[in-house]
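Data first, discussion second: the structure below is written as structure tokens.
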Amino acid sequence: MTAIHVTKKSTSKSENSYDVFISYAWADNKNKFVNNLYKALKDAGLEVWLDHKELPPAADFVEEFLRGVQKSDNFVPILTPNYLNSTNCGKELQSAIENKKRIVPIIREAIDFKQLPQEIERVLAIQFEATVDFNKALGELLEAVNTDPKYVRAHTLLHRRAWEWQERGEITVRLYGVPT
């Protein structure tokens, strides 16, 4: 399981929040699809966090990925049979569902949709298979990610603050204002 986090170059987002969290099974990156997607997102003007470039040595990668889901507006799982069989990818997906993230699934390989959680089996996935035009699929992904960004960012901000306050034991703090 691996993740990419994406941040637009924008002054309206804090440096610790992301527009997109991309989740994929490590076994699926043999053909460099994730690296190509990373480059395409960079070329589209997005700042991209990629695990093998950004995680510090000896970091608890599962904890870091789950923290990344918390800080992200959109969750983009790259669905393949390997993804559906990955325990860590399942943890990320469950975290996205629990945190009510916008989930924008990508179909990279044919899967059994019955294996998907009910929360996303009804979501129209973007076809990103090897036979599909990459640029067309990328355009659909960017359009989905950029739909209602103010609403999604506000949701993420409020959810992050509630999570941070709960982690610090400050559950009674109001959900607005500047964090202390």
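Brief remarks on what is shown
- Note, ³J(HN,Hα) from phi for segment 101-113, Karplus 6.51, -1.76, 1.60, rounded to Hz, x at Gly and Pro: 6, 5, 9, 10, x, 10, 9, 9, 9, 4, 10, 8, 4
- Full extension of the chain between HIS52 and LYS91 yields a length gain of 12.1 nm, computed as 0.36 nm times the residue separation minus the alpha carbon distance.
- Close amide H partners of TYR18, meaning residues 5 or more places away or on another chain with modelled amide H under 5 Å apart, are SER72, ASP73.
- A full extension of the chain between ASN135 and GLN115 corresponds to an added length of 4.4 nm, given 0.36 nm per residue minus the alpha carbon distance.
- Reachable aspartates and glutamates from LYS42, criterion Cα separation under 18 angstrom, eight or more residues apart if same chain: GLU15, ASP19, ASP51, GLU54, ASP73, GLU140, GLU143
- Sequence-distant residues sharing a close amide H with SER23 (under 5 Å, placed H): ILE4, VAL76, ILE78
- Taking a ≥ b ≥ c as the square roots of the Cα gyration tensor eigenvalues, segment 41-113 comes out rounded, since a/c falls below 1.5.
Since every read-out is calculated from the coordinates, none of them should be taken as a lab result. Since the model is a prediction, treat every value here as computed from it, not as a measurement.
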